[in-house]
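The values are calculated or read from the model by the stated rules, or taken from the named source; none is laboratory data. Remember, it's a predicted structure, so these values are computed and weren't measured experimentally. Note: ideal-geometry Cβ built from the backbone for every residue, glycine included; neighbour counts use all protein chains shown. Note: areas computed on protein heavy atoms with side chains; ligands, DNA, RNA excluded. Shrake-Rupley method; radii C 1.70, N 1.55, O 1.52, S 1.80 Å.
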Amino acid sequence: MGGGGSSSSSSSSSSSSSSSSSSSSSSGGWSPSDRRLKTDIRRLGTSAEGIPVYAFRYIWGGPLFVGTMAQDLLAIRPEAVIATGSGYYMVDYDKLDIAMISLPEDMSSLTAEAATALAARIGSPVSVQPAI
């Protein structure tokens, strides 16, 4: 709903409001979450509601993000996924128990447990898979 990164043509909105010292959130709403738009993908764990949680970067560059993949949600939460006119998927994070967050560069070595916990909404337990 007004968070950075929810527009597919915006080039700097996802990092321009990172005044927080720990992380910034996409504030829910629709975000580009198609696996084909991401690189450096690493599975971190699973949310309390069974949503797979990943660390990734977008192919156009920028910070490390923690969030999910639209393709995973097509099978388990299809109401949270739309296909854009360009054929890529977007996810409505308002319908999930996690939020997509961006991590400052100096936090890119965060443990999987810490990154997954940051993405979980307050009070939602998550299970974490060991790093491979």
For segment 31-111, report the accessible area per residue in Å² (1.4 Å probe, heavy atoms, rounded to an integer).
42
Find out how many positive minus negative residues lie around ILE41, taking Lys and Arg as positive, Asp and Glu as negative, among other residues whose Cβ is under 12 Å from that of ILE41.
+3
Averaging the inverse of every distinct alpha carbon separation and then flipping it gives the Kirkwood radius. What is it for segment 31-107, in angstrom units?
12.5
Taking all protein chains in place and a 1.4 Å probe, what share, in percent, of the accessible surface of segment 31-107 do carbon and sulfur account for?
54
³J(HN,Hα) computed for each position of segment 30-37 - Karplus, 6.51 cos²θ - 1.76 cosθ + 1.60, integer Hz, glycine/proline x:
7, 9, x, 9, 6, 3, 5, 9
Cut-off under 5 Å, modelled amide H: who pairs with LEU44 long-range
VAL53, TYR54, ALA55
Using the Karplus curve 6.51 cos²θ - 1.76 cosθ + 1.60 with θ = phi - 60°, what ³J(HN,Hα) values do you get for each residue of segment 77-93, in whole Hz, with x for Gly and Pro?
8, x, 5, 9, 10, 10, 9, 7, x, 7, x, 8, 8, 10, 10, 8, 5
Quick one: which residues, 5+ away or cross-chain, put their amide H under 5 Å from the amide H of ASP34? H built at 1.01 Å from N.
ALA70, TYR89
Could you order peptides 62-68, 44-50, 90-96 by the average number of other Cβ atoms within 10 Å of their residues, highest first?
62-68, 90-96, 44-50
Which order do TRP60, TRP30 take when ranked by solvent-accessible area (1.4 Å probe, heavy atoms of all protein chains), largest first?
TRP60, TRP30
With contacts defined as alpha carbon pairs under 8 Å and 6 or more residues apart, what's the relative contact order of segment 31-107 in percent?
32
